[in-house]
Every structure is written in structure tokens, then in C-alpha cells.
Amino acid sequence: MAPEANGKNRSTSVDIPEQAVKNLTVEEMYDKEKYDLSTMKEGDVFKMLDTTRDGLKDDQINERLEKFGHNRLDQKTQSPIIQFLLFMWNPLSWVMEAAAIVAIAVSNGGGKEPDWEDFVGIILLLLVNSIIGFIEQRNAGNAVKELMKSLAPEAKVKRNGQWKTIDASELVPGDIIGVKLGDIVPADGRLIVAQGEVSMDQAALTGESLPTTKSVGDEIFSGSTCKQGEAEAVVIGTGLNTFFGRAAKLVGGAHDEIGHLQTILAKIGNFCIIAIAIFIIAEIFVMYVGFHYEYRRGINNILVLLIGGIPIAMPTVLSVTLAIGAKQLSEHKAIVTHVTAIEELAAVTILCSDKTGTLTLNKLVIDKESIKKYSDIESDGIIYHAAIASRIDHPDAIDACVMSTYGDKNKIREGIEELNFKPFNPTDKRTEITYKQTKDGSVHRISKGMSHAILDLCTRDKTDEQIKQLNTDVDEFAKRGLRALAVAIEDVSDGQKDGKGNGFKLIGLLPIFDPPRDDTKETIERALQLGVKVKMLTGDQLAIAKETGRRLGMGDNMFEAKTLKEGPPADCGYKDIDDLILHADGFAGVYPEHKYEIVERLQKMGHLIGMTGDGVNDAPALSKANVGVAVADASDAARSAADIVLTKPGLSVIIEAILGSRQIFQRMRNYAIYTCSITIRVLLGFSVLIFAFRFDFPSFMVLILAILNDGTILTISKDRVKPSQYPNSWHLSEIFTYAIVYGTYLAASTVIFFTVIVKTTFFQDKFGVQQFQYHHHSHAFPGWNNPILNSIIYLQVSTISQALIFITRSHSFFFRERPSILLVIAFITAQLIATFIAVYAKWSFTQIHGCGWTWAGIVWVWNLIWFFPLDLLKFSLRAYFDRQQKEAVEETLGKEPSTDNQRLRRQTTVLSMSGPPSRLSRMMSADPKSSRRGTFAEIAARYYAPHTRHLSTSHRFRNFAGVLNNATNTPPSFAIDAPELQRFSLVQAHHASKLLNAKNDITTTGV
């Protein structure tokens, strides 16, 4: 049987065996040729699943869990051994592994044995770094996943005739489930009850661009979102036996997107690798062509650059810092569902916030003294009619407010029989109930909702005077910060639930008050101090929005959402829509498409946007935003679309999360600047010593430098840092500029120190230390090479290089910002070890001889003299880069129209932007050609996946249709076998084949 033209299947009748659930195997039950639960008649479905409209009995649940398994898709776990080995499979590790090969296989000339010491040291460094990274990543990743348990999806299920809420994973075939606006369908099912017009968004599963209307008997898919109405359904498939599960099984590869952190790791790694390659080529030409070095002598110098220039610990440090940071954010009641969103949250410049529940308490109350009447029905009667038009079970905030004001909710429906109920939806913005009075059989309708939606609905006793009075009353409420809830009634004379009434009549206006949170005003002030503009996007009237904005100190420069289409008002001074959106304090009367457009326009102006939301109508904007934030008690759809889920209400939680994310970002940025600087200082410093003095530093001592550096720098993930006063993002040009300046300065400190030692007698005259002699190339230590001098240079490089971290981690003078105790202890320990090695070591295999305490003292004093000016370099660089940030923040926070210079700067910023795009744009790229072209950085980024894989908190296909559309250059692999395809239902195969044919010209037949 093929799908009908309207996309629905004709019901079929089949012979159902007795106790099918017990007697048939799972494979037999889901053999579509025998039993197609998606098309058979409703009675046959109930018989097949041995269930009733009252749900399953307790004794049936455990049997079915054992037979069908839990309602989840278990992710295949990778072998821990493979995970560990992959930590040594990325471009940075490849360079170190190349150094190991050079040491053991290439360094064997000149009648000398291979460089076993360097080889063993490199292997140990790789192993230690991988072990630490593997353990830290697993611990941190597991901690992040623990945080997500509080967000496990739930389902409303009827069992033993009683409704209750359970974990969605506990659902079994035969359960009766309920879904409402904003819910994500927890399992495949067939509708048995539909209240109002039920529509489901299946875009992520089938590719359908518009929500699909569902009626009784239709199939609903696990993972789809209820966009309108309320429904009950009988579960026909769970886990792998859902459309989602079968689709995931058919598509072999998950096609994980390349995370932004992976791209940053690749770009920084490429910077270091390219720098190493440049200096190695230069050394080869100078040493072998210019100086005619012996083969083995030159190889040792190349090893110095290979080992010393690679920041081997960088992937571990950055990813562990993020994971630990996610756990710290959870202490502020912000659970990160996509851990890499932390770096994007730190870069947020504009926060678009809804009003209700975020800026306000979301504890609605009715001011009974201010109720407006438009008929002979008294105030209590108006409240009673509004209560009847409320959802008794699972009410929303307004329904709960109305019923609590009325009193005992059990008495609301006494003496009446509900015939039809239309729940609230974002389009109509009202509820409606049709009911029968049991005492006389008369049928009536009541509708309540937004004032103008109800006014447009009314036709009976409607006069110009009434319209004028209503508008006056609504404006009066708005000036006082009150929301207006209108109530209208009509009689249905023919007694039918769908019968025509005598016209709705407006009976009253209820003033509902949602007071601002006590801390909101202070929080908005903090946000402005942090360079974050808070914009209010609300569906309320403009007057209410302005009054709320004035009370909260966020301003009243607000506009109706219709200005997005009509253009800026003539008297506002803004030249275009973009300018108005940027400088407005908020918008009123917004719909989901308005929120999406506002976010999109702000992003195109170069801003990173945070968006708060709680309902299904917020999901598109939450996905589009760089950081979607689902507020406390948000719907399943909002949580699924969000990057961060709050477990405590209020804007203050978001600001705390921004502060926390900036601290986390500062740790990563500090390390990135530090490690790139060390790369430049090693490459430049030791290369110049070769070019100018033919000085060959022992490669084994660079290994010691790397080991001590890595051991110290790993503590940066828990360092005490101050958050930036401006939004942060990965401006790699800024990081590389800092690195080149710092690295050059540190290299100069070493080269000048070496020059003073060998070219002058200053230290010998002042401190009585020995004079070093230049030797002929036939000497055991040709040129200026000397074991004692090697120790001196080792100590000088080690101490001032590690001390750089105290410069990069601070905004002010390094001594004014106290580091963590762990970092201080690690630094002191590393420098004591380095000092004792330099003073006492006698390692003939690596040409090291103790230099004594006098030289050690000289080195420490020299480094202290060179260390203090580093702060001045930092201030000079910050003066340039901070000025650019300050100009951008001032324009964002200002209310005046942008100047021509500001517009030009904005355009320049957009053209140079390399910041993270929204998650939606990463997942659904509209340009398949650009994604196929993949840059070198994107190719390299894939190899850093083991360092970021444990940061993922969800392995579900968020966009299965996008995978089928195949925007990437790697086609999905399909495990097409006959038994599996037989379980793939006709309608589902029809949807999948349309998508596959469109992209891959695959013809699906015989299904």
C-alpha cells in the first residue's frame, strides 16, 4: 500500500493473534508486511498491543521493558584503548611523533648511535600528555553528562487509569501518552484523542518545512514537536522501533559537525606548525649550506625546534578547561547542553530576553478591584467564566492564575460537560471552550485571551463606544504595568459542539499583574557594565513593555513589531531597520518570526546574540541565536533548541553565566597567548643563537622544558581570573600579535644575555665567574658550545618563559591579581627543579654540567630585570585592542542613531568576522559547495575530535532530514538490508526516499 496523495495512510484490517505482545517476537511485531501498526484500524492496534484507553497495568510494564527495552537510542561506545590512542593522533602529536622518528631513525650519522635519550623522552612526553588528557577528559566529560540527568526528557502517561509523569525512557508499546503545545513527542504513536487543531513539526525528521496537521488515527513520530493543540496517543514504537530509531540505524555515520573549539585548536596548531616549518627550512639552509654543519649536529638542532615549538598540551588544556567550566556554571544554576557554547556565551554582545518569567516573577495575580465590566455580569462571574475557559489539567501560567483567583478548581466544571476545548496557541492567542449545562442541556461557548484578539472575535453588542472604552481600559492597564485578559461568551442554540453561535459578546477585562523581579534592575545595570545590551522582546502591548522597561531601568525606546516590516517611524531618527533594531530597547507585540528576524539581523551586523525563551514558539529563535537560553520551567521544545538550560528563574542567572563563561574564556585565551608566545620564543631564540653564534642547545633539555611547562600549565584550567569587562571572542589575529611580541621579547632576553656572557667580561668582572672560550670546529665542543653554558641558558629560558603566564593571565599589573594556589605551587616546584638541574646536573649524554649558584643567581636577577617590562608591553597592546572593543560596545549600548563612521566600522567588522556562527547555521548550511571545499583548518580540526567528544551531552540526530539532504562532501552510509527495510513503514520510507532521490538520485523500490 502506497501513501495517499494527502500524505496519510488508509486504515487496514488484519488478523491479530491472541496475546500478540507475548507470543510474537519483536521482529515479527514490526514486520510491516504482516502487522503495520501505523496503518491498521484503531481497534486492531489496541488488540495487538493488549492495552486500553485507561493505559497499561503495572504488571505489564516490566514484561514489556524486558522485551522491547528502554525507550532510548544507546550510543555505541568506543573502546577506551582506541580513545586513548586517538589522543596521539592529531597534527600537534604528529610533529612530536616526527621528532621521535628523527631521533631514532635519522639521528644516526657521524659514527654515533641513534638519539635514544630524546626518543624515549619524546615517547614519554606523548604518553604522559595523552594519559593526563584521557583521564581528565573522561572525568570532566562524565561530570558534564551527570549534569544533564536533571534534564532527562519526561512523558505524561496514563497507567491504571491515572495520569502521571515518568522518564520518557520508561515508555513501552501500549502506553497511553499525552502531548500538548511545546512537548516533544517521546515515542511513535497513533492519535486517539485530538483537542483543537493538532499540528506537529516534523521538519527535523522528514524534511517537511511546515507543521503537519494531525487528526485521530494519524501517526506521530518520536522527536517531533507539538506546535498546536493537545492530544492523546497510544504508543506503537519505542527506542530502535521508532521512525527516529530506524532512521538512525539506517544512517551509518553520525556526521558530527566540526565544533568551533576544534577549529580554534586547528588554527592555533597550524600557526605553530607553519612557524616551525619556516624556521626549520631556514636552519637547514644556514647550517648545511652556509656553515657546512656535520649531518648529526644539524639534526640535533632541528630536534630542538620540533620538540620546543609544539604546544603538545594545548588540546587537553583547552577542552578540560571548558568541561570544568561547565561544571562550575551548573553551580550557578545554568546547565550547558552544548559545552562549546560557553565560549560563545562569553562573546555575547546583545541579550534578547522575553519579559514574562525572566524579567518578571511569572507569578500572575488578578487585581480584582480593577476588573472592567462590559455587561451585567459581575466581577466574580467574569472570573468564573474565564476559569471555565481554562485548562484544568496541566494549566499554563494564565490559566493557573485565573483558577487560583476563582478558588477550588474542582468546583469550576461542576454541572457542565466539556464538548470541545481549544487550548491557547501563539497564533490565535486565546482559548475557547464549548460546553453543555447538564441541568437544561443548553450549549455555550467562552473564549478568553489577548484583548484585541477577543475584540476582533466579538460581534454581538459591539459598538464604537465599547471599542473605544476597551482601548482606553487596556491603555490604563498598560500604564500601570498590567496585562489585559478579555473574556467573551456566546450561546449555541442548535446544541451542537460545532454549531453556529449567536455571536461572541465581550463581558469583561481582567487586569493581570506580573511584577518585576527584585534583582532585575540591578542585573540589567550589571549587564550594561559588562558591555551587554539587554533587549526586551515581548508579545505584550507596547505600553506595557515601555512601563516595564522604565521600571527596570532598561529604557523605553521600544517599538511595535510591525516596524520591522513598515520601516522606522518618521520621527525616530533611524535611517534603516538595522539601525533601529540595534539601538532599540525592545519590541512589543512580537511573534516567533519577529524574534527570528531580530536575531538574524543583529547577527548580520556582526553581533553575537543570546536569546532567552520558554515556549515552543521561541525554539526557532533559540536555535538561530549564537547562544539559546531556555529559562526555568521551559517547554521540551525550548530546552531541545537551547544551548544552556537554567534551573533557577531570573535574568541574574544568565548574567552570572556570562560572567562565568568569560572567566572560562579568559583561562583559555591566557593559555593560547602563552603557548604561542613560547613557540615563537623557542623558534626565534634558538635559531638566532645558531645563526649568530653557532650555538647548539641540547635537544634533551628542550624536552625537560616541555615537561615542566606542561605540568605547570595544566593548572590554568582552575586558575583564579577576572572576567573581561568586554565581550570575548577568538580574535586569533590579536592572540598571534601578542604571541609574536612576547615571543620576540623573550627571545631577545636570551640572545642579549648570551651576547653579554660570551662577548663581554661584565659578569666575570662583577661576580668572578668563569670566561667562556670559542673553540675550533674540531674541538669536542666547537664554537661557543659548553656544557656549563648550556645549563645557564637552560635556566634562563625556563624561568622567564614560565613566568610569562603571570603576565598573560592578568589585566592589570601581574602582582595585583592573585593567581590560584595550585598555579603558584606548580610554578615554584617547576622552577626549583629547573634551578637544581642547572646548578647540580652532570649529564654527559646531553652535554649538561652544573653551573653553580653564582651563575644561577645571575640568571634569576637578569630574568627579573627583563620580566617587569612585560607588563608595559601588555598595556601597550591592550591600549590598541581594547579601544576597538570599547568603540563597538559604546555603539551597541547607545540609543542614538549610528554615525557614518560607526556603520563603516560595523561593515568592516562583519567582513573580518571569524567568530562562531549559530548552531543552526552550522547544522543546516545553505551552501553545499562551500562545505565541500573545506579549508585546511577544517580538515585539521577533525583530528582534534577526541579532545572534544566527551564535551558533547547529546548524541541524538537533531536534524535527520539534514543528514539525508547530505550537505557535506561525505555521503551517508546506509546499511540497507531486507529485514530492516521491512520494518521501515511505508509513509516513513516515502519521506526518506523523497529526500534521498533529491540529492543522490537513489530510486527506492520494493519497499
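The values are calculated or read from the model by the stated rules, or taken from the named source; none is laboratory data. Being a predicted model, the structure only gives us computed values, none of them experimental. Positions of Cβ are backbone-derived with ideal geometry, glycine not excepted, and every protein chain shown enters the neighbour counts. Ligands, DNA and RNA are excluded from the accessible area calculation, which covers all protein heavy atoms including side chains. Shrake-Rupley method; radii C 1.70, N 1.55, O 1.52, S 1.80 Å.
When you look at Gly308, is it farther than 22 Å from Asp643 by Cα and crowded, with 24+ Cβ neighbours inside 10 Å, yes or no?
Considered against the rule, which asks whether it is farther than 22 Å from Asp643 by Cα and crowded, with 24+ Cβ neighbours inside 10 Å, Gly308 comes out as yes.
Any residue in segment 819-840 that is among the aromatic types (Phe, Trp, Tyr), more than 13 Å from Tyr794 (Cα to Cα), open to solvent by less than 80 Å² (accessible area, probe 1.4 Å) and assigned to a helix (DSSP H, G or I)?
Checked segment 819-840: at least one residue is among the aromatic types (Phe, Trp, Tyr), more than 13 Å from Tyr794 (Cα to Cα), open to solvent by less than 80 Å² (accessible area, probe 1.4 Å) and assigned to a helix (DSSP H, G or I).
Can you tell me which residues in segment 12-28 are buried (at least 16 other Cβ atoms within 10 Å of the Cβ) and either out of contact with any helix residue (DSSP H, G or I) (no Cβ under 7 Å at 6 or more places or on another chain) or not in a helix (DSSP H, G or I) (or both)?
Ile16, Leu24
Check Ile192, Ile166 and return the single one that is surrounded by fewer than 18 Cβ atoms within 10 Å (Cβ to Cβ), of a type in the set (A, V, I, L, M, F, W, C) and free of Cβ contacts under 8 Å to residues at least 40 places away in the same chain.
Checking each option against the conditions leaves just Ile166.
Quick one: in segment 371-404, of everything that is at pLDDT below 90 and part of a helix (DSSP H, G or I), which residue is most open to solvent (accessible area, probe 1.4 Å)?
Ser404
Tell me, please, whether a residue that is outside any helix (DSSP H, G or I) and among the charged types (D, E, K, R) can be found in segment 667-684.
No: segment 667-684 contains no residue that is outside any helix (DSSP H, G or I) and among the charged types (D, E, K, R).
Could you tell me whether Leu482 is out of contact with any His (no Cβ under 8 Å at 6 or more places or on another chain) and of a type in the set (A, V, I, L, M, F, W, C)?
When the stated conditions are applied, Leu482 passes them.
Which condition number does Ala277 fail, the rest of (1) surrounded by 24 or more Cβ atoms within 10 Å (Cβ to Cβ); (2) at pLDDT 90 or above being met?
Among (1) surrounded by 24 or more Cβ atoms within 10 Å (Cβ to Cβ); (2) at pLDDT 90 or above, the lone unmet condition for Ala277 is (1).
For every residue, the table says whether it meets (1) farther than 17 Å from Asn728 by Cα; (2) more than 16 Å from the chain's Cα centre (by Cα).
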site: Tyr295; (1), (2): yes, yes
site: Ile307; (1), (2): yes, yes
site: Ile312; (1), (2): yes, yes
site: Val317; (1), (2): yes, yes
site: Leu322; (1), (2): no, no
site: Gln328; (1), (2): yes, no
site: Ala334; (1), (2): yes, no
site: Glu344; (1), (2): no, no
site: Ser353; (1), (2): yes, yes
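How do the pairs read when you match residues in segment 619-632 that are in a strand (DSSP E or B) with residues anywhere that are aromatic (Phe, Trp, Tyr) and at pLDDT 80 or above, using Cβ under 6 Å and keeping only pairs 6 or more apart or on different chains?
Note: no pairs meet the criteria.
So which residues in segment 456-482 are more than 24 Å from Pro516 (Cα to Cα) and touching a residue at least 60 places away in the same chain (Cβ under 8 Å), if there are any at all?
Residues satisfying the conditions are Asp461, Gln466, Gln469, Leu470.
Limited to segment 343-367, what total is found for residues that are assigned to a loop (DSSP other than H, G, I, E, B) and modelled with pLDDT of 80 or more?
9
Checking Ile757 against (1) buried (at least 22 other Cβ atoms within 10 Å of the Cβ); (2) in contact (Cβ under 8 Å) with a residue 60 or more places away in the chain: exactly one of these is not met. Which one?
Only one criterion is unmet by Ile757, namely (2).
For segment 594-618, what are the residues that are modelled with pLDDT of 85 or more, assigned to a helix (DSSP H, G or I) and either within 25 Å of Thr360 (Cα to Cα) or open to solvent by less than 10 Å² (accessible area, probe 1.4 Å) (or both)?
Result: His594, Lys595, Tyr596, Glu597, Ile598, Val599, Leu602.
In segment 519-530, is there at least one residue being more than 30 Å from Ala888 (Cα to Cα), touching a helix residue (DSSP H, G or I) at 6+ places or on another chain (Cβ under 6 Å) and open to solvent by less than 70 Å² (accessible area, probe 1.4 Å)?
No - not one qualifying residue is present in segment 519-530.
Within segment 432-455, is even one residue in a helix (DSSP H, G or I), buried (at least 18 other Cβ atoms within 10 Å of the Cβ), touching a residue at least 12 places away in the same chain (Cβ under 8 Å) and not polar (S, T, N, Q)?
Checked segment 432-455: at least one residue is in a helix (DSSP H, G or I), buried (at least 18 other Cβ atoms within 10 Å of the Cβ), touching a residue at least 12 places away in the same chain (Cβ under 8 Å) and not polar (S, T, N, Q).
Residue under question is Ala657, and the condition is that it be touching a His at 6+ places or on another chain (Cβ under 9 Å) and modelled with pLDDT under 90; does it hold?
yes
Evaluate segment 580-587: report whether one residue or more is among the aliphatic types (A, V, I, L, M), open to solvent by less than 10 Å² (accessible area, probe 1.4 Å) and in a loop (DSSP other than H, G, I, E, B).
Looking for residues that are among the aliphatic types (A, V, I, L, M), open to solvent by less than 10 Å² (accessible area, probe 1.4 Å) and in a loop (DSSP other than H, G, I, E, B), one finds at least one in segment 580-587, hence yes.
Working only within segment 184-198, note down all residues that are assigned to a strand (DSSP E or B) and either on the phi < 0 side of the Ramachandran plot or outside the structural domain of Gly43 (by the TED database) (or both).
Scanning segment 184-198 gives Ile184, Asp188, Gly189, Arg190, Leu191, Ile192, Val193, Ala194, Gln195, Glu197, Val198.
When segment 119-145 is examined, which residues are found to be of a type in the set (Val, Ile, Thr) and modelled with pLDDT under 80?
Ile132, Ile135, Val144 - these are the residues of segment 119-145 that are of a type in the set (Val, Ile, Thr) and modelled with pLDDT under 80.
Quick check on my filter: what residues within segment 68-102 are within 18 Å of Cys272 (Cβ to Cβ) and out of contact with any helix residue (DSSP H, G or I) (no Cβ under 8 Å at 6 or more places or on another chain)?
Trp94 - this is the single residue of segment 68-102 that is within 18 Å of Cys272 (Cβ to Cβ) and out of contact with any helix residue (DSSP H, G or I) (no Cβ under 8 Å at 6 or more places or on another chain).
Residues to consider are Thr263, Thr213; find the one that is open to solvent by 40 Å² or more (accessible area, probe 1.4 Å) and at pLDDT below 90.
Selected residue: Thr213, the only one of Thr263, Thr213 that is open to solvent by 40 Å² or more (accessible area, probe 1.4 Å) and at pLDDT below 90.
Does Leu651 qualify as being within 28 Å of Thr225 (Cβ to Cβ) and touching a Ser or Thr at 6+ places or on another chain (Cβ under 9 Å)?
Considered against the rule, which asks whether it is within 28 Å of Thr225 (Cβ to Cβ) and touching a Ser or Thr at 6+ places or on another chain (Cβ under 9 Å), Leu651 comes out as yes.
For the list (1) within 27 Å of the chain's Cα centre (by Cα); (2) modelled with pLDDT of 85 or more; (3) open to solvent by less than 20 Å² (accessible area, probe 1.4 Å), I need the number of the one condition that Phe243 fails.
Only one criterion in (1) within 27 Å of the chain's Cα centre (by Cα); (2) modelled with pLDDT of 85 or more; (3) open to solvent by less than 20 Å² (accessible area, probe 1.4 Å) is unmet by Phe243, namely (2).
Can you name every residue in segment 456-484 that is in a strand (DSSP E or B) and either within 13 Å of Tyr374 (Cα to Cα) or in the same structural domain as Arg551 (by the TED database) (or both)?
Result: Cys458, single match.
Condition check ((1) surrounded by 15 or more Cβ atoms within 10 Å (Cβ to Cβ); (2) assigned to a helix (DSSP H, G or I); (3) of a type in the set (Phe, Trp, Tyr)) across all residues:
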residue: Phe84; (1), (2), (3): yes, yes, yes
residue: Leu92; (1), (2), (3): yes, yes, no
residue: Val95; (1), (2), (3): yes, yes, no
residue: Ala99; (1), (2), (3): yes, yes, no
residue: Pro114; (1), (2), (3): yes, no, no
residue: Asp118; (1), (2), (3): yes, yes, no
residue: Ile122; (1), (2), (3): yes, yes, no
residue: Leu127; (1), (2), (3): no, yes, no
residue: Gly133; (1), (2), (3): yes, yes, no
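Between residues in segment 857-872 that are in contact (Cβ under 8 Å) with a residue 24 or more places away in the chain and residues that are hydroxyl-bearing (Ser, Thr, Tyr) and open to solvent by less than 40 Å² (accessible area, probe 1.4 Å), which pairs lie under 6 Å by C-beta distance while being six or more apart or on different chains?
Sorted first by the residue in segment 857-872, then by its partner, the pairs are Asn863/Thr799; Trp866/Ser749.
Inside segment 37-67, can you point out the residues that are within 18 Å of Asp15 (Cα to Cα), open to solvent by 70 Å² or more (accessible area, probe 1.4 Å) and touching a helix residue (DSSP H, G or I) at 6+ places or on another chain (Cβ under 9 Å)?
Lys47, Asp50
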